[in-house]
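Some notes on the structure that comes next.
Since every read-out is calculated from the coordinates, none of them should be taken as a lab result. Since the structure is predicted, the reported quantities are computational estimates derived from the model, not experimental observations. So basically every Cβ, Gly included, is an ideal-geometry build from the backbone, and we count neighbours across all protein chains shown.
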Amino acid sequence: MRIIRIASVLFVLSVLSVLLVAGCGQKQQASGPSLPRPGGPTTLGGKQFVIGMSQCNLGEPWRVQMNADVKAAAAKHPQIKMIFKDAQNKTTVQQDQVKEFVNLGVDLIIISPKEARPLTRPVADAVAAGIPVIVLDRKVEGDKYTCFIGGDNVKIGEEAGKFMVKLLGGRGKIVELKGLMTSTPAVERHDGFMKGIEGSQIKIVFAVDCHWLEPDAQKEMASALSRFTEPGDIDAVYAHNDPSAHGAYIAAKNEGKGREKKIKFIGIDSLPHEGVRYVKEGLMTATFQYPTGGAEAIENALIILKGGSVMKNIVLGTRVFTRENAAKGGEAL
Amino acid sequence: MARLRRAIDFAGRFRGILAFVVVFLLGIFFAPVSYKTGHSTFLNWSTQNDILFEYAEYGILAAGMTLVIIAAGIDLSVGSVLGFAATLFSLLVIALGWSAPAAVVATVLAAALMGATSGVIIARFRMQPFVATLGMMLIARGAAKWISGGIKVQPGAREWYAVQSGNPAVFDWMTGSTRLLGLRPITMVFLVCIVVLWVLLRFTKFGRHLYAIGGNEEAARLSGIRVGAVKIAAYTLCGITAGLAGVCNASRVTLGDPGEAGLTYELDAIAAVVIGGTSLMGGKGGMFFTFLGTLIIAYISKILSLQGIEEAPRLMIRGALIVIAVLIQQSRKE
């Protein structure tokens, strides 16, 4: 019976912990329900804006970077208050989050959707409710959103291809480590690259789907190395993302013939702690940035909130990071 | 002393309701207020309606899971069967252009067959439910990927699909408001499942047999209950609820996702059953408890979500909640 009592106490404690956590979140919003704020913070101290951001999956480093970029950009504007939500890679959760932002009466919503189709309606509903929505990276269907900001994978692939042509002097044998080929970015990064190397003497001797995953890339590269065993058999590796390029480097190193120093590794994404670091450390020759659009989202959000108009579709450029320019933040292309 | 014991027993029996009340109060006091209206975002019908809608799929799964758990079993395959059903339903209405009722019937039958297969393996071959349904979990997920060719089933995904653009009408209907309090059809499926299975469990011989089997299978067998048949029926019903949940999922997401629909949903369903107070040892519990358990999880998740709490504390809070609920449950057995 004592156990029952202990258990009840534990239960109450757990409920209290929920309360505490919830309470901490509450404090930042200045008041509880006992102190309603008619009109909301838009009337407090001139212009205060609340922006809700729904990120589809904070399990991916690139998306963590996107949130960090948004946060950093928003921090420069004291009139902006951000609320971040992570949909944990669940489409239904993200649908709910958009609805919650509408109910909460935020001034603007930024969403990086997990999936175009299922989020089209929630986004359209929010716009219909008078809340502007900025869509980042992946599109929704139709035109019922305020602004779309995203990178151009075809262009990035093409720049990588041109870079490869220059790097190898127009002739060479390369391995392509693809991203998940059922996803659009991988297809576009491949198509762009093929466009970039068009007309050159560069041959892809080994191409394989690595599903964006470093362990897979490592395995596949090991296979490539054991198939092409001579020093001149592989001149370079084009990987659809930096972790795959890094995995390929590790595979070459593990082979123990020192080929990791001869083969050039090129990747995409340029996260500060991944690709850019590998380039600085000399493991990779170059990495091409796939921009998160975080800073641009806040920039455009402010224009929208102040009543201005923005372009409906904003395509971001890319940057290349090499050993020479990485310290200076890369070079715009 | 006896009176005290009775009082504690009483409190124990109704802890589901108590916990529900506590969580509801938390919602009232700790959900943020709307920036526009200044009113609580929790205490209005629209949010409550949303909650019932958003957690309906888990609730439907939990309702079927309750039957299996009362009979001292477990069904790990429900999430995958949901995924298979969502994919199949989407294929039927989007790719083949079937009418909605026919597609629903076919989907639910297919899911029932999967549940029945688990049931037969468990009852006739005396396999542990954990292992048998673990197998079915992989089979159903594989089947979902197989029938869809591994790609998401949505309008225009392949040239030969009957529907090339726009949502099939049934998707919009399932997620739209009805005149009855603005409840959505998906919510109604959830409520109907709870009520029907509650009646089945409470007022029929089948229900009593489930409790008997969960309490002591050998005794149930000796007293003339057809244990095997009852178990197969329980797993079949569990499959049916997973099929219905799959139809709801496809309607909500507006496509059939063979890879991710229903992924890890079985764990949420089991959690809802356990938090409600149904014993994993079998023989104890009920459908009403599961309804409360679903709402408790739904409310806590909603409060945390409305507050924009990060994933890390969320997982820990939900984990602690499950552990504590089971702790209380174990203490009652003494």
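Quick notes on this one:
- The length gained on full extension between residue B:204 and residue B:169, counted as 0.36 nm times the residue separation minus their Cα-Cα distance, comes to 8.9 nm.
- Residues of the stretch A:111-142 with amide N under 15 Å of a point placed 7 Å along Cα→Cβ from residue A:303: A:133-135
- Close lysine pairs were tallied over the stretch A:41-145: pairs 8 or more places apart or on different chains with Cα atoms under 18 Å apart number 13.
- Where labels lie 7 Å past Cα in the beta-carbon direction, separation of residue A:194 and residue A:125 in nm: 4.1 nm
- Here the contact order of chain B, divided by its residue count and restricted to Cα pairs under 8 Å and six or more residues apart, works out to 33 percent.
- Lysine pairs in chain B whose alpha-carbon atoms fall under 28 angstrom of each other, counting only those eight or more residues apart or on distinct chains, come to 7.
- Chain A has equivalent-ellipsoid semi-axes of 44, 25, 17 Å, by the square roots of 5 times the alpha carbon gyration tensor eigenvalues, sorted largest first.
- Computed over the protein assembly as shown, the ratio Rg/Rh where both radii use C-alpha atoms and Rh is Kirkwood: 1.01
- Legend: calculated FRET efficiency, residue B:196 to residue A:229, from the Cβ-Cβ distance at R0 = 41 Å, rounded to 0.05, equals 0.05.
- Net charge, residue B:312 excluded, C-beta distance under 12 Å - Lys, Arg +1, Asp, Glu -1: -1
- Förster-model FRET efficiency, 22 Å R0, residue A:183 and residue A:57, C-beta, rounded to 0.05: 0.95
- Computed label-point distance, nm, for sites residue B:109 and residue B:14 using a 7 Å Cα→Cβ extension: 4.7 nm
- When shorter helices are ignored and each DSSP H run of at least 4 residues is given -39500 (n - 2.57), the per-residue value for the protein assembly as shown at 222 nm works out to -18500 deg cm²/dmol.
- Taking the empirical scaling 2.2 N^0.38 Å for compact globular proteins as reference, chain B has a Cα radius of gyration ratio of 1.02.
- Across peptide B:46-58, the mean count of Cβ atoms from other chains lying within 10 Å of each residue's own Cβ comes to 2.
- Cut-off 14 Å, label 7 Å out along Cα→Cβ of residue B:127, residues of the stretch B:79-121 by amide N: B:114-121
- For a modelled paramagnetic label at residue A:72, 7 Å from Cα along Cα-to-Cβ, the residues of the stretch A:309-333 in reach, with backbone nitrogen under 18 Å, are A:316-322, A:325-333.
- For the residues of B:36-43, the average number of beta carbons from a partner chain within 10 Å of their own beta carbon is 6.
- Enclosed volume per residue, in Å³, of the convex hull spanned by Cα atoms of the stretch B:18-105: 165 Å³
- When every Cα-Cα distance of the stretch A:41-145 is counted in 10 angstrom steps from zero, the calculated P(r) takes the values 16, 49, 30, 5 percent.
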